[in-house]
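Heads up: the structure comes next, in structure tokens.
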């Protein structure tokens with residue numbers, strides 16, 4: 001496994017700016033980039049799931065995006081393809097951000113791991129598997145990370161109720177429905193004091 | 001030189017004999033050396049540690065011997081949020097404690113789930129264990145834990161200790177004595 005780090009890339013691209021690096025990605029993978037958006041100096045590329053590993057390797061080795069900040073999964077319930085995965089990359093030498101987005105349909109429900117490219121992806125991918133139920137092909141240790149082994153649901157999916165679901169096997173997966181009378185108990189995001197922001201029963205105003 | 005004088009009990013007059021109920025003696029022993037099982041699961045455990053430290057000094061009530069082995073414990077202090085992931089482990093540790101045993105649910109989370117109305121959190125440890133004393137607070141101050149401990153001591157001193165431990169022998173004795 002190649003150690004994650006931008007040292008060799010930094011030497012050969014010493015003069016390159018982050019803008020040039022992103023443009024070179026655009027050129028090198030022109031046909032494989034489906035969409036490119038820029039917002040407040042940060043670039044987002046939409047790519048296809050099958051090109052992920054190739055582009056990720058290029059970003060790390062050639063463009064010195066040596067730091068994987070986070071992997072996020074989004075459930076666009078009701079849309080097709082249902083799931084969206086977002087990779088947040090950061091380049092230490094250029095102090096630049098780059099975002100890679102890709103879509104995964106519910107039938108496929110799996111994509112390639114990048115835990116050998118950025119080792120930190122190991123636990124991020126486990127968390128996505130745990131909360132969303134998306135599998136990662138080639139992951140060295142794809143187990144649940146927050147919930148326990150034997151828990152039958154994926155709690156961050158939109159079709160999972162806020163109160164939870166009871167389990168059929170109370171010995172392995174002991175869990176019940178949470179009472180939410182008068183709920184949900186939510187806060188109001190504002191600059192008000194903590195007394196006003198305190199989570200209270202605020203039924204949606206219909 | 002001042003002379004010390006036993007006011008309640010004078011062995012010279014009364015001899016080396018004390019009359020009491022067996023239950024009362026047993027309960028007196030039990031309630032003054034409650035060894036806690038510190039089941040620290042969240043921030044309440046910090047208050048539990050403060051209670052054990054010098055300022056509040058839980059040893060004034062004979063409960064300073066925190067054992068991390070359930071085999072040597074009398075009272076489990078469930079201090080913190082019990083997630084479903086941890087719930088069956090807590091139950092198993094409780095089952096490993098020898099009889100007689102008691103449970104203190106310390107704080108809002110252990111008592112009712114507290115602010116965690118969540119799919120991941122057990123809504124009160126009393127769904128799994130027989131709780132003797134509930135302590136409110138989020139987290140409760142050390143004084144509240146000590147008050148809870150004293151409540152438990154009160155409860156213990158009223159229990160039929162001998163009958164609970166040896167029900168058959170107690171029945172036989174009752175038959176013989178009546």
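Among the candidates B:125, B:156, which residue alone is away from every other protein chain (no Cβ under 14 Å) and within 30 Å of residue B:60 (Cβ to Cβ)?
B:156
For region B:139-165, which residues satisfy the criterion of being out of contact with any helix residue (DSSP H, G or I) (no Cβ under 9 Å at 6 or more places or on another chain) and without any contact (Cβ under 8 Å) to a residue 24 or more places away in the chain?
B:147, B:151
Among what's in region A:149-179 and is modelled with pLDDT under 75 and surrounded by 12 or more Cβ atoms within 10 Å (Cβ to Cβ), pick the residue that is nearest to residue B:116 (Cα to Cα).
Once the filter is applied, the top-ranked residue is A:173.
Are there helices (runs of 4 or more DSSP H) fully within region B:107-178 with at least 2 residues that are in contact with a strand residue (DSSP E or B) (Cβ under 8 Å, 6 or more places away or on another chain)? List them. Spell out the reasoning first.
Details: elements: B:107-112, B:142-157, B:161-165, B:167-177.
The qualifying helices (runs of 4 or more DSSP H) are B:107-112, B:142-157.
Can you find a residue that is within 14 Å of chain B (Cβ to nearest Cβ) and either over 17 Å from the mean Cα position of the chain (by Cα) or closer than 30 Å to residue A:36 by Cα (or both) anywhere in region A:103-111?
no
Filter region B:60-88 down to residues that are in a helix (DSSP H, G or I) and either surrounded by 16 or more Cβ atoms within 10 Å (Cβ to Cβ) or within 14 Å of another protein chain (Cβ to nearest Cβ) (or both), then give me how many there are.
Looking only at that region, the number is 7.
What pairs come up if the first residue lies in region B:123-138 and is crowded, with 17+ Cβ neighbours inside 10 Å, the second is in a loop (DSSP other than H, G, I, E, B), and their beta carbons are under 7 Å apart, counting only those six or more places apart or on different chains?
If the second residue must be in a loop (DSSP other than H, G, I, E, B), the pairs left are B:123/A:178; B:123/A:179; B:123/B:113; B:124/B:113; B:125/B:82; B:125/B:131.
Report, by residue number, each residue of region B:75-99 that is out of contact with any helix residue (DSSP H, G or I) (no Cβ under 7 Å at 6 or more places or on another chain) and under 15 Å from residue B:30 (Cα atoms).
Matches in region B:75-99: B:99 only.
Would you point out the residue of region B:95-122, among those that are touching a residue at least 40 places away in the same chain (Cβ under 8 Å) and under 27 Å from residue B:57 (Cβ atoms), that is farthest from the other protein chains (Cβ to nearest Cβ)? Reasoning before the result, please.
Initial filter on region B:95-122 (touching a residue at least 40 places away in the same chain (Cβ under 8 Å)): B:97, B:99-100, B:102, B:104, B:106-107, B:109-110, B:121-122.
Filter once more, keeping what is under 27 Å from residue B:57 (Cβ atoms): B:97, B:100, B:102, B:104, B:106-107, B:109-110.
On the way: B:97: 20, B:100: 26, B:102: 23, B:104: 22, B:106: 21, B:107: 17, B:109: 13, B:110: 16 Å.
Ranking the qualifying residues of region B:95-122, first place goes to B:100.
From the list A:98, A:142, A:156, pick out the single residue that is in contact (Cβ under 8 Å) with a residue 12 or more places away in the chain, within 30 Å of residue A:36 (Cβ to Cβ) and more than 14 Å from every other protein chain (Cβ to nearest Cβ).
Residue meeting the stated conditions: A:98.
For the list (1) on the phi > 0 side of the Ramachandran plot; (2) crowded, with 21+ Cβ neighbours inside 10 Å, I need the number of the one condition that residue B:106 fails.
It is condition (1) that residue B:106 fails.
The values are calculated or read from the model by the stated rules, or taken from the named source; none is laboratory data. Quick caveat, the model's predicted, so the values are computed rather than measured. Positions of Cβ are generated from backbone atoms using ideal geometry, with glycine treated the same way; all protein chains shown enter the neighbour counts.
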